[in-house]
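Below: one structure, written as structure tokens.
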């Protein structure tokens, strides 16, 4: 091959049931393109370029159980058997999420013991299980903490509730039944940290991370928003309702739109951004002693949705954003058509003197 620039085009189909890319400590699911330059009288030169493969995991088709709330609890006698226990309970609104989505965790700590709970730790853990069949059957597992959040203490003889949110980072979707060599699962762990030499109550809830988010029905959406609006407008009803009604009347008077003219508008989710899973960064260069390989750093990219854009609006109202905001067919408020002959108010007149004298 003489000096110059040469371009070779090629393509190959990817099987539809390939598991998603994953990089772990004891194994990986890796896809790459390898180019080898065969040189006479010298070591071959190898270039590796990695790319990410995603197995579609639609949470709406996986299981209806992902939409249902989940809870779990744990109870520990932190000192002696005769001491009163510490009861820890956690609640989740759902168990199916996508990267970029917020998880709303509600934790309840009932500390009846004589020791203080120093802090409450919330962790999102990735569990990877590696199976090997050659030369013998062997299984190794590892746990990676993706997100960690620390909450306040719970003093002795008290009961305290916590409501926290964590954001799902860019990571691989759940893979438990596609690959027999590498299995990926996720769990949400909450632990109450007690004093030294005492057992820490700990409880976990398995969750599923996919790449197509759950769709919230319009009924659930309306109930959630109406309940939040009522809670927010109770102390200031006159100031919160009147401007909205005036605005609706002005819009109706200008446009003259009726209920039939305003239909449901279908809003599609914006395309996700593909972000790197930084905890999976690795070097995919060839380690063969008979070849010369160029360093090839590689980090898989996964879709990250921005479906919680309205969280700023909820925060401005003094409300916490829901973990899964409406995604499809949000209903618009219907505006009433103004009366055809609106009542004309007479201008203020000067008061007249009464003919009756007192």
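The values are calculated or read from the model by the stated rules, or taken from the named source; none is laboratory data. Since this is a predicted model, take the numbers as computed values, not measurements. Cβ atoms come from the backbone with ideal geometry, glycine included; neighbour counts cover every protein chain shown.
Scanning the stretch 283-326 for residues that are exposed (fewer than 15 other Cβ atoms within 10 Å of the Cβ) and at pLDDT 90 or above yields a total of 2. Just name the residue that is modelled with the lowest pLDDT out of those in the stretch 196-215 that are out of contact with any helix residue (DSSP H, G or I) (no Cβ under 8 Å at 6 or more places or on another chain), over 17 Å from residue 91 (Cβ atoms) and outside any strand (DSSP E or B). Ranking the qualifying residues of the stretch 196-215, first place goes to 197. Screening 101, 94 for residues that are crowded, with 17+ Cβ neighbours inside 10 Å, in contact with a helix residue (DSSP H, G or I) (Cβ under 6 Å, 6 or more places away or on another chain) and modelled with pLDDT under 95 leaves exactly one candidate, 94.
Quick check: anything in the stretch 44-52 in a loop (DSSP other than H, G, I, E, B) and without any contact (Cβ under 8 Å) to a residue 60 or more places away in the chain? No, that holds for no residue. Taking residue 25 and the conditions (1) under 29 Å from residue 139 (Cβ atoms); (2) surrounded by 12 or more Cβ atoms within 10 Å (Cβ to Cβ); (3) at pLDDT 90 or above, which numbered condition does it fall short on, given that it satisfies the others? So residue 25 meets the others, but not (2). Figure legend. Inter-residue proximity from the stretch 187-212: first residues on the phi > 0 side of the Ramachandran plot and surrounded by fewer than 15 Cβ atoms within 10 Å (Cβ to Cβ), second residues modelled with pLDDT under 95 and outside any strand (DSSP E or B), beta-carbon distance below 9 Å, spacing 6+ or different chains. Indicated pairs: 197/79. Residue count for the stretch 72-114 satisfying the condition of being within 28 Å of residue 170 (Cβ to Cβ) and either in a strand (DSSP E or B) or over 17 Å from the mean Cα position of the chain (by Cα) (or both): 12. The residues of the stretch 142-185 that are under 19 Å from residue 300 (Cα atoms), part of a strand (DSSP E or B) and more than 23 Å from the chain's Cα centre (by Cα) amount to a single one, 182. Exactly one residue out of 173, 155 is under 23 Å from residue 105 (Cβ atoms) and buried (at least 17 other Cβ atoms within 10 Å of the Cβ), and it is 173. In the stretch 115-132, the condition of being surrounded by 13 or more Cβ atoms within 10 Å (Cβ to Cβ), under 24 Å from the mean Cα position of the chain (by Cα) and not in a strand (DSSP E or B) is met by no residue.
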